Structures are given as structure tokens and as C-alpha cells.
Amino acid sequence: MGILETAGILAIICILARLGVFIYELLCPKLIDVKTLGQWALVTGSTDGIGKAYAHQLAKRGLNIVLISRTKERLEEVAKEIQNKYSNIQVKTIPIDFTKDSSIYGTIRKEIQGLDIGVLINNVGMSYEYPETFDKVENNEKFLTDMIRCNVDSVANLTQMVLPDMIKKHKGLIINVSSISGRRPTPLLSLYSGTKGFIDLFSRSLAAECVTRGVYVQSLCPGYVVSKLSGIRKASLIAPTPEQFVLSSLNRVTVPFTTGYWTHEIQEFIQALLPEFISNKLTMHVLGGVRAKALKKKNRAQ
Ligand SMILES: NC(=O)c1ccc[n+]([C@@H]2O[C@H](COP(=O)([O-])OP(=O)(O)OC[C@H]3O[C@@H](n4cnc5c(N)ncnc54)[C@H](OP(=O)(O)O)[C@@H]3O)[C@@H](O)[C@H]2O)c1
């Protein structure tokens, strides 16, 4: 057999093996009762979208909730919503802006001292106003600092804060919300893609360190979900509501990597098979169209 034929057969075996794992994980999720992991769940970016849906679902499963977002009034609103629905659940709110300097972590540490945190959802994240090349993003310096603080520093710092206790107790779950854009280059969203790539590799590395120490760590890499951040308002097969998305992702918390939703799994599976230069060209084409529309709208408004 020639080198090309051998390489071809190996490639087919790899694709079939990935497909097998993908179908197995989709059909046979290993479910766990999150309430057995601790008394509290901490969710960042929890007043809207995916974070708010996690807060509701974890409260429904019997966990007390620490909510962290910027806006005090919205935090109080969500806390009330949860307590009206689940009267036996305690809710604590911490107004924090993750684009601020590292002193915010001292505040959070003080606020959560003594709480038995079994679940951490590192969900907070920011993206671009519209797709753009890195050199042309407005207010580039502030944008860069803000995004790295919000998307990267928050995940590493909060993980560092809760992980030692989880390891001591030999139980816990940390879900770090990355993105399908963190799995491969996403031109026109390069900084976002880079920050999400950090989350993906950090989480999967950590998952391997923690697997024998009782703590589940997950890199969660969604495709589109209806939300303010995505700008998608109508749910579809490709873009579920945050509630649909979180219900589905909570069935997969024990795997180190998932997109969280079945149509996103198919999207990620197909994208992973594409050569990078084709995937880059497609992304440039699609996001280039989104940029052109956004710029037109902006120019009209000025
Ligand atoms: N939606 C998608 O299609 C999609 C796809 C892939 C990955 N993701 C990831 O999923 C996560 C959640 O996104 P989402 O779509 O649910 O967003 P969203 O609906 O816009 O909600 C963002 C939440 O984060 C809070 N927040 C924003 N900036 C903050 C800051 N600087 N400090 C503290 N809190 C802040 C917001 O509340 P306040 O404004 O009150 O602070 C809000 O509660 C992000 O990490 C995102 O990258 C989303």
C-alpha cells in the first residue's frame, strides 16, 4: 500500500472515531445531580441570556445562587424572579464590572467567603459591536484591555478562587463558556476568537488535571444562541433560546468539551473537517456581509 492510501485510510479512521464519540456523547450523556456538589452556584453575567438561564436552571435543581453582573437593579430583579419561583432558594447578588482592574477579585473573594460553592459558571463575556479587522476597531486600546479583562481574566481568577476548595472536598463543577469561535480562527472577530481560544484550552487542560480529583471542568463552546450579545432575536434550529440551550448543555456537564447543543455539535463537527483556509474564506465572506450592513446602518444614523 502506498503512502497516500495509508494516509487516506488513517484519515477515514480518525473521522469515524470522532463521529463515534460524537454520537455516543450525544445519545448517552452521563447525568449528575448538581445539588450533591455543594450548596451554592456562582454564575457570572447572570442578568441576561445564557447566564440568567443557568441561574434559573440551577436554582430549579436546588442550588442557592450567587449572581454577578454590572447592573445592581437588574441583579435585584433576577434575584426576585428566582426567589418568587423557588421560595426555598437563597440568592446573593454582587454588582461587579469585569472590565475593571484586578481589585474586583478581592471584593468577590470577601463576598463569597464561607459559601460552599459546588458549581461555578464562568459565563460573562463581551464581543465586538460589529465584525471588524483588528486594526480598525474603534477605541482599540480600551477595547483590548476590556475584552481581555472580561473574557480571560474573569475565567482564570474565579477558577483560581473556587478550585482549591472543590479539590479539597473532591467534588465540584466548573463550566467555562467559550464559543465555537474559540475552536478555530474567526477573522473579523480576531480578539474575541483569541480570548475564547484561551478559555477552551485552559478549560480542557484543567479538566485533565482535575479528572482524578473529583472536579468536572468543562469548555463549553456554543454556536449562535438568541441574546443581546449575538444580536439574534428569533430562535431557530441553529440558534436556540438561552433556556433551550442551557437545558441541553446541563445534560452534558461531565464531558471536558461540548458545544452544548445538538445542532452546534453538527456545525462544529463539519467545521473541524474543513481545511483552515476554506473555513477562513467562508467566515470572511459571511462576517464581511454583517460588517457591511452594520456600517451602512451606522452611517445612516450619523
Ligand atoms: N449568544 C451567543 O450566540 C453566544 C455564542 C457563543 C458564546 N457565547 C458566550 O456566552 C456568554 C454569554 O453570552 P450571552 O449571549 O448570554 O450574553 P448577553 O445576553 O448579552 O448577557 C451578558 C450578561 O453579562 C453581563 N455583563 C456584560 N458585560 C459585563 C461586565 N463587563 N461585567 C459584568 N457583567 C457583564 C450582562 O449584564 P449587565 O449588562 O447588567 O452587566 C448580562 O447579564 C459570553 O461569554 C459569550 O461570549 C454566546
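Just so it is clear, none of the values below were taken in a lab; they were calculated from the coordinates. Model, not experiment: these values are computed from the prediction. As a convention, Cβ positions derive from the backbone with ideal geometry for all residues, glycine included, and neighbour counts pool all protein chains shown.
A compact table of results
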| read-out | value |
| --- | --- |
| Cα shape, the chain, gyration tensor, a/c 1.5 rule | oblate |
| Residues whose placed amide H lies under 5 Å from that of Phe257, excluding near-sequence neighbours | Ser219 |
| DSSP-defined beta bridges in the stretch 32-296 - what % are antiparallel, rounded to 5 | 5 percent |
| Dipole of the chain [Lys/Arg +1, Asp/Glu -1 at C-beta], most positive-end residue of Ala7, Ser103, Val91 | Val91 |
| Neighbourhood net charge (12 Å Cβ-Cβ; Lys/Arg +1, Asp/Glu -1) for Asp101 | -1 |
| Three-way shape call for the stretch 223-278 based on the alpha-carbon gyration tensor, with the a/c threshold at 1.5 | oblate |
| Gyration tensor verdict on the stretch 67-196 (Cα atoms; rounded if a/c is under 1.5, prolate if a/b is larger than b/c, oblate otherwise) | prolate |
| DSSP H segments from the chain that extend 24 Å or more along their own axis, Cα-based, with Kyte-Doolittle mean of 1.0 or above | 3-27 |
| The stretch 43-85 versus the stretch 238-293: alpha-carbon centroid distance in Å | 25 Å |
| Cα-based Rg of the stretch 146-302 normalised by 2.2 N^0.38 Å, two decimals | 1.14 |
| Relative packing of peptides 258-270, 30-42, 159-171 - highest average C-beta neighbours within 10 Å first | 258-270, 30-42, 159-171 |
| Lys, Arg +1 and Asp, Glu -1 on Cβ, resulting dipole of the chain about Cα centre, debye, nearest 20 | 580 debye |
